[in-house]
1. From a point 7 Å beyond the Cα of A:Ile155 in the direction of its Cβ, which residues of segment A:74-104 have a backbone N at a distance under 11 Å?
2. Between C:Glu182 and A:Phe187, what FRET efficiency comes out of the Förster formula 1/(1 + (r/R0)^6) with R0 = 30 Å and r the beta carbon distance, rounded to 0.05?
3. Listed here are the pairs C:Lys85/C:Lys110; B:Lys377/C:Lys198; B:Lys365/B:Lys461; B:Lys90/B:Lys300; which of them are more than 29 Å apart at the Cα?
4. Using 7 Å Cα-to-Cβ label points, what is the B:Ala301/B:Arg415 separation (nm, one decimal)?
5. If R0 is 41 Å, what FRET efficiency do you get for B:His384 and B:Glu229 from their C-beta distance, rounded to 0.05?
6. Could you work out how far apart the two model spin labels at B:Thr99 and A:Ala104 are, taking each label as a point 7 Å from the Cα in the direction of the beta carbon, and quote it in nm?
7. Which of the aspartates and glutamates could a cross-linker bridge to B:Lys467, judged by Cα under 17 Å and excluding same-chain residues fewer than eight apart?
8. Rounded to the nearest 0.05, what FRET efficiency do B:Arg430 and C:Val162 give with R0 = 35 Å and r taken as the Cβ-Cβ distance? Could you check?
Amino acid sequence: MTALISYHSNRKQWTTDGRRQTTKGMLWAFVFCCFTCFAWGQTTGYQGKRLMFKTDVVSPISERGINMGLEYVVLRNVVIGLDFSLTGRQYTQNLPTYYELHNASPPVKASIRDMQVGITGQYFLNTALPAPKGSYVFGKYYIGQADIFAVDHIIREGKDDYLEGFQINNVSSHQFDLGVGYQEVFFGFLLVDFDFGMSAASLFLNKNNEELLPHRRDIVADFADKHGPNIFSLGTWRDTPGGIGLSVHLKIGILLF
Amino acid sequence: MKSNWNFKFFKNKELITNKLFHFLCFDLKFGFTFFVCILSCAVLSAQFETDYAPIEISGEIPPRFYHSLKGKTEIEIVLEDEGMNRSRRKDFSTKTSFTLREIFLSGSIYYNDPCTPYVREVTKKLTEELVGSENISVFISRFVSPNAAIWQDATLIVNIGLLARLENEAQLAFVIAHEIAHYENKHPFLQYVRKQKPANIQKRALDNLKASVAYTQQNEIAADAFALELLNRAGYDSRVGARAIELMMNDKVADGIRDVGRLLDIEGTDWCGDLEARTYMGKDRHEAHHFARAMLQQRKAKINTDGTSNDGLFLVSESDFEHIRRMAQFEVIENHFREADYVSALYQSIMLQRIYPENQYLQGKIVESLFQLYLYKKRGEMRHLLKTSQENYLTTDLSRLSCFMNQVEESTLERITGTYLKEQYERYGRTHEIIAITAARYTEFTSGRAAAKAHFEHYIKHFPTGKHYLYAKGRILK
Amino acid sequence: MKIPVKIKMGTPMKIAFMKRQMCRFSFSLPFSFSLIFSLILIFSACRGALQVDRVREFKSEKTNIGKIVCIDPDFELLITTGNRKTERQYKRASAKEIQLNNILVRNARKNNLTLELVDTERLLPSDMEYFSQLAPLKREILQVSFLQDFLNRKKRRNQQKVFNRYEGGPIIASHFSYLADEYNTPYFAVQGITTHRKPNNGRLVLLLTAPPFGVADFFSPEVDTYYYTIIADVVRAEIVYREIRKVDAPASDTNLNALVYDSFNIISQ
């Protein structure tokens, strides 16, 4: 809830520029897959239960957001899922010019507020124990829109300086996760899922955006290295700000039916 | 003179009377006994002459048997500290209970059968004066190996294979007494204690070999001594112990393999010629066997020295023993067949056919065994089948038969089975269920379903209450 | 003169672009470490094996299965101690057997199968038919299953399929066919679990590369659980279905529920 409240109020509705259609298409594709897979043989689930609802308990802490999703066992060892993710993480910017003058980081924190939907595919490694129980490898692809808020350090003719905030809205964001996990079922309905993997995220900044002055792309790239990985960043991109690194999730959920 | 004559007469009269009395009392008794024995043997022989019905378990489960089935109900074994702590003793108790439970549950123990009461009677005769012997419960198992075993909870299991092999009641009494001695001396527990200390017995290869034999030689000799005492006290001939041991080891039937060859119309040269049991079994097994033999020789010598010989060969009933022995010989064939040891079943059937040439059960078992062997040959599983029963092929005859079955061509075995089956089908096809159904199955395998249909219909017509009825019906409908 | 061509980047192109960028990304030490770590996790993950053999006719008769008689399921618990001695745990296995029986019945019901479970713990003195009929049949099924194979063993060795269908299964004796009338089903099953707990041989690599997992892995014992189901059709006198599965995990209720349900699910399909 904290994450939801902290979410930026002036965020535009997610109905512009036709992206809703894509999401709608993805949703229908997911539903279609689920129903067609009923007919496929040897799909067991856990005691016949195949639909799961899970929520991440790490996201509210590490990303100030939520991550939840529905997953469905489509084959003996294959699970596909639809995820919804909302992040509102704040970053301390490192502006070299500001640091030279004030010997500190800017007091105003930058933020990336991102709302994404994604599809998940899990392949369970144990042949004898069918999905959704046991160890698995997973791949996730998220697509969404982000609002970026950051400050720019402006020095006016060598006399005084000030911080100018700028906001870039409706930035197209993409994220790709790959890793391994383990899921256990308790009492026949309670799910505990732990996964660990590599996460790569990217923000596609629109060059036509008025707010986006050429050097501001670098400002965003400077702090966006942890957009994506939630525990450890291994690198960042300059042209499409984002990062690559390690992510950990601990999800709790229930087996619906 | 008169008086003398009278005296003589009276003397002669007395003599005659005495002689008559003696004749009536002893010789006639002997003669009568002899006559009864001959008659009973003839009756017994006639019982198995034409057919044999295998023992089928029926009636209520006896209480002692039922008690052993319950896993949670552990048998109390009172043991003193024999160098083992309490938990280990408890562990031994648990293992004994559960192992026995598994044996009982496997369906390998007879109950409400004709053999068990007789063996119990012999045990009772042996242990009349033995304190604490009332706890001993005797059961007969389906196991074909000629042996018996006792557990520390006083459960004595006598194998049907032993009953089939022994020659008289005194020998059976010796084996039982020997096992009781193991129980009295707590040998099962001591053996368990010994196994708990692997460091002591893994020093050398020979020690390992010794460990593979159930009890130590020292324990066996002690048990033999106790058994001799029990036999003497009961009035049995105790020297038969040596022969009993010999019988438990040997299973030699003179020229058995020739009989098999003759019956199945196989040329003598087709057999695995000079194959010996030792080479067939492999070196290791032979050495173990040889080692056991050496130990037994020592025991036999001791029994011959310490035992006493008398007329006590049958104290309970000779006729009962003979009847049970014959029955056990048939049961051994049945159990060999149940254990999928078709080579032994075939061999034993042919051997018993020497005594009962017209026995339909034996004809049926020969047919069934041949068919099963042919089936495994056809599926390419013969080698695997023979390997699992390899430990039963201790004699040269059985080794050669097994080797032959392994090497024979499928077509040859098909011909052998077909020829024998056809012959028996013509004789017993309408009266013997097993021959009728085997003929149908054989035809299905060799000539196809259409050709077998007539045979299945034949079975349905003649055996509407047969155990194979639904199977036969299913084959026709298919 | 160069004419600037403005190409609008669609999503696929953006992904391609991302990929290109990722390729340029240098393999730093932490990156290499995490890659190795992930690979170790994958390979140290709980694995299993499953082999299902059934005759074609059994599949086509799926609507007629209905009822199966399960003859006294077995639960065997083996423990190998540090000195390489393997012992059977009878008491614990006996307690687990009761759990297994409940799990079998419950999961069969969930798959619309009627499982008539013959439990020897509940035998009455009058239940002599267990010894005269079912114990010999169980023995026959296990024996034949061991002695005969669906195909030649050599051929099978090269076959890696999980689900195999054959013409003609192992042949059992035909004199058990009368049992179909008595129990109202031709299907008789032998099922069981064998659990083998071995001393941990401690994967040092995992301990060094991934300490939290490594420590857990180092101190937890290795357990293999085997579950088998063999179904014989007594009227056809053959084994129609045979399944064996191995899991590198203990026979907990959750695991057993998953295994058993899946097994009955395959049978009933």
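What follows draws every value from the coordinates through simple rules; no lab data is involved. None of the values given here were measured: they were computed from a predicted structure. Using ideal geometry, Cβ is built from the backbone for each residue, glycine included, and neighbour counts are taken over all protein chains shown.
1. Zone members listed by number: A:96-102.
2. Values: r = 39 Å, r/R0 = 1.31.
Efficiency, rounded to the nearest 0.05: 0.15.
3. Numbers: C:Lys85/C:Lys110 40 Å; B:Lys377/C:Lys198 39 Å; B:Lys365/B:Lys461 22 Å; B:Lys90/B:Lys300 36 Å.
Beyond 29 Å: C:Lys85/C:Lys110; B:Lys377/C:Lys198; B:Lys90/B:Lys300.
4. 5.3
5. Working: r = 48 Å, r/R0 = 1.17.
Computed FRET efficiency for B:His384 and B:Glu229: 0.30.
6. In this crude spin-label approximation the distance works out to 8.2 nm.
7. Within the straight-line limit of under 17 Å, B:Lys467 reaches these aspartates and glutamates: B:Glu56, B:Glu334, B:Glu368, B:Glu433, B:Glu457, C:Glu129, C:Glu140, C:Asp181, C:Glu182, C:Asp233, C:Glu238.
8. Values: r = 49 Å, r/R0 = 1.40.
Efficiency computed from Cβ-Cβ geometry: 0.10.
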